[in-house]
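Scroll down for the structure; my scribbles are underneath it.
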Amino acid sequence: MESNKKSPEFNFYEAALVKRCPLFKDCTNIVVGRGNKNAEILFVGEAPGRNEDKEGIPFCGAAGKNLDKLLNEVGLSIDEIYIANILKCRPPENRDPTTEEIKTHTPWLLKQIKEMKPKIICSLGNYATKFFLAKTNVEDMKNQPGITQVHGQVQEVEIDGLKIKLIPLFHPAAIIYKRALEPEWLKDMEIVKEYCKGN
Ligand code: URA
């Protein structure tokens, strides 16, 4: 498959920011999102891994398989959600994103949110959760509580005048390593489903 890095689709300001990031030089593909852009629920992960980078599709590797399984268990299909990440390019060896990278990549995520207008954002893991809890102020992410403290607690965030319910969830990769988190995830997903019905 040909790399999408030169796609004419990505000729806008927020994409230009990402293309200036050092991560862009070494990645294979820009990983934008998958699912239904008109869905009411947006899932936001951290960054593409090796498989995602190769395919240009978020959550298509081991974490993604687990996400699909977990969604299936609560009866949510990919047609009912959209999935994106904080970073659009893979960090080397899947290291944690830096503050600078998050600042450079999240304007594109915010553009996606403004276009999609989701009612619910499910943040997967610490990075996405802290980004939204910090009201998208990247410098303030370090002052936010971690996912273990806030998972399943519904918060309201406002993005560009849109009021959105934020539901922090454990990252599906964390659940692979720590199976004891799975019942917690399923409980948290019941909350997501309740909010879907209520909207
Ligand atoms: N983990 C993430 O946070 N995002 C992906 O796309 C894949 C794994």
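Derivation of every value follows stated rules applied to the coordinates shown; laboratory data play no part. All of these numbers come straight from a predicted model, not from anything done at the bench. Here the Cβ is made from the backbone with ideal geometry for all residues, glycine too, and neighbour counts use every protein chain on show.
Tabulated values for the structure
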item: FRET E, pair LYS6, LYS103, Förster distance 25 Å, beta-carbon r, rounded to 0.05; result: 0.55
item: Additional length obtainable on full extension of the chain from ASP79 to ALA180, 0.36 nm per residue less Cα span; result: 33.5 nm
item: The stretch 10-198, relative contact order in percent, only Cα pairs under 8 angstrom and at least six apart counted; result: 23 percent
item: Long-range HN-HN contacts of ASN85 with modeled amide H, under 5 Å; result: GLY45
item: Antiparallel bridge percentage (DSSP; both residues within the stretch 10-198; nearest 5); result: 35 percent
item: ALA134 versus GLN149: modelled label distance in nm, points set 7 Å from Cα along the beta carbon direction; result: 1.4 nm
item: At 0.890 mPa s and 25 °C, Stokes diffusion of the stretch 10-198 via Kirkwood alpha-carbon radius, µm² per second; result: 150 µm²/s
item: Magnitude of the charge dipole, the chain, Cβ model with Lys/Arg +1 and Asp/Glu -1, debye to 20; result: 260 debye
item: Rel. contact order, % - alpha carbon contacts under 8 angstrom, at least six apart, the stretch 1-118; result: 34 percent
item: Cα-only radius of gyration and Dmax that characterise the stretch 10-61, units Å; result: 11.9, 33
item: The stretch 126-199 and the stretch 1-75: distance between their alpha carbon centers, rounded to Å; result: 19 Å
item: GluC sites (Glu not before Pro) restricted to DSSP loop in the stretch 135-178 with at most 10 other C-beta within 10 Å; result: none
item: Cysteines in the chain lacking a second Cys C-beta under 4.7 Å; result: CYS21, CYS60, CYS122, CYS196
item: Histogram of C-alpha separations across the stretch 13-120, 10 Å bin width, %; result: 15, 48, 31, 6
item: Tensor-based shape of the stretch 59-170 (alpha-carbon gyration tensor, a/c under 1.5 rounded, otherwise prolate or oblate); result: rounded
